[in-house]
Amino acid sequence: MRNRFRFSLGSLAVTMAAVVCAPAFVAAQTAPTKTDAKAPAAKSAWVMPRTPDGHPDLHGYWTSLSYTPMERPAKYGNREFLTDQETQALFNAGVKGSFDGTVGSGDAENDPTSADYDFKTYGLEPWQNGVRPNHRTSLVVDPPDGRIPPFTPAGEARRKAAQGAYFIAEEGHWQGTVHADVAQDLGVGVTCVALHGGPPIIPGGYNSGLMIVQSPESVVIQTEYGSEVRVVSMDGHHPAANIRQWHGDGRGHWEGDTLVVETTNFRPENVYRNANADTLKITEYFTRIDAETIEYKFTVDDPSTWTKPWTAVVPLSTVQGPLWEYACSESNNDAIQIMVGARNAEKAASEKPKTPAGIPISQAK
């Protein structure tokens, strides 16, 4: 079961023509010919835009879309970056794969035989929404092997206990449930209570846009997926531990030109990767590095879930706004239908003829 109705047309600024002629990672430049009146003037150096209080201006519309995997493929070992040629090849393969699709893959977004709608028809594919090449071999940068550290025994036990009881989303991979007694069994994603508002900010298959608005007192981050809003206070003081929010309590401060946001006080129903809401801390770093990019880095620290903290870097690229409203109406209907289906399955099972031992005849040997 997946939360499917994501009919927010997002950012349609990138057209198919732009994709067919997608720029190479390293743009070719030609020397002026004899017919040129003069060579193009050199571009002026980029200057960091700043707010009236002197901090870097992060206002605007951005996207976290990426074809880079969260964890590094084993073939790269501890190699952190790709060459320009490898980067462009990976990017081209991502565009081609999402455009052509893979028949029989079962991937709702890219399988032409899927019962779901074709995402490119609705402008939802990454290449239609401003995805950019990324030199990294993985989003995870620490540990050096680019892999998320192993679970602690307590973390592994918590994960196993959750499997088969809830729908759990991890970077778009959804796990089903074996029972659905009440709507809460479906999790907050399927019931549209909380989606991908973060932290952290993770690229999805589509609707990965976000809007940032800042003032001296707070920074507001609205995600396209779910139209969810996080308000990060800049006063630096978390509330008492028993005060919990759907996206945790984020408190920000500036370290030079980097916005640092530390989030705690998570709700156990909506905690990243099934971590421990009591001990999880996510620290985010927003550093604007040029006119079109914010380097977004986050560190996940939960000693009761992972054997050590781990860090990932996700480039945020500029896109044209505004963000369209995200409607989750299909999943609201799903919650009802799943409950009905579960009750019907139970009724059908109870009505099957049984042997004297109480075993359904179809299962008796």
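The values are calculated or read from the model by the stated rules, or taken from the named source; none is laboratory data. Note that the structure is a prediction, hence the values are computed from the model and not measured. Here the Cβ is made from the backbone with ideal geometry for all residues, glycine too, and neighbour counts use every protein chain on show. The area values use the complete protein model at the heavy-atom level, side chains included, leaving out ligands, DNA and RNA. Shrake-Rupley method; radii C 1.70, N 1.55, O 1.52, S 1.80 Å.
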- Message: I need a count of the residues in segment 277-286 that are assigned to a strand (DSSP E or B), of a type in the set (Ser, Thr, Tyr) and open to solvent by 30 Å² or more (accessible area, probe 1.4 Å).
- Response: 1
- Query: Is there a residue in segment 16-33 that is touching a Pro at 6+ places or on another chain (Cβ under 6 Å), at pLDDT below 95 and loosely packed, with under 15 Cβ neighbours inside 10 Å?
  - Reply: no
- Query: What are the residues in segment 54-82 that are farther than 20 Å from Val319 by Cβ, out of contact with any Lys or Arg (no Cβ under 9 Å at 6 or more places or on another chain) and open to solvent by less than 70 Å² (accessible area, probe 1.4 Å), if any?
  - Reply: Gly54, His55, Pro69, Met70, Pro73, Tyr76, Gly77
- Task: For residues that are surrounded by fewer than 21 Cβ atoms within 10 Å (Cβ to Cβ) and touching a strand residue (DSSP E or B) at 6+ places or on another chain (Cβ under 7 Å), scanning just segment 202-216, find the one that is farthest from Ser317 (Cα to Cα).
- Result: Val213
- Unmet requirement for Arg343, which otherwise passes all of (1) charged (D, E, K, R); (2) free of Cβ contacts under 8 Å to residues at least 24 places away in the same chain; (3) surrounded by 16 or more Cβ atoms within 10 Å (Cβ to Cβ): (3)
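Conditions tested, residue by residue: (1) touching a Lys or Arg at 6+ places or on another chain (Cβ under 9 Å); (2) on the phi > 0 side of the Ramachandran plot; (3) at pLDDT 85 or above.
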{"residue": "Val314", "(1), (2), (3)": "yes, no, yes"}
{"residue": "Gln320", "(1), (2), (3)": "no, no, yes"}
{"residue": "Ala327", "(1), (2), (3)": "yes, no, no"}
{"residue": "Ile336", "(1), (2), (3)": "no, no, no"}
{"residue": "Lys347", "(1), (2), (3)": "no, no, yes"}
- Out of (1) exposed (fewer than 14 other Cβ atoms within 10 Å of the Cβ); (2) touching a residue at least 40 places away in the same chain (Cβ under 8 Å), the one Ala348 does not meet is (2)
- Message: Show the residue pairs meeting these rules: Cβ distance below 9 Å; 6+ apart or different chains; first residue within segment 137-157 and under 20 Å from Asp278 (Cβ atoms) and free of Cβ contacts under 8 Å to residues at least 24 places away in the same chain; second residue assigned to a loop (DSSP other than H, G, I, E, B) and open to solvent by 60 Å² or more (accessible area, probe 1.4 Å).
- Response: Glu156/Pro150
- When you look at Tyr206, is it over 26 Å from Asp84 (Cα atoms), modelled with pLDDT under 95 and not in a strand (DSSP E or B), yes or no? no
- Task: Output the number of residues of segment 219-232 satisfying the condition of being buried (at least 16 other Cβ atoms within 10 Å of the Cβ) and without any contact (Cβ under 8 Å) to a residue 60 or more places away in the chain.
- Result: 5
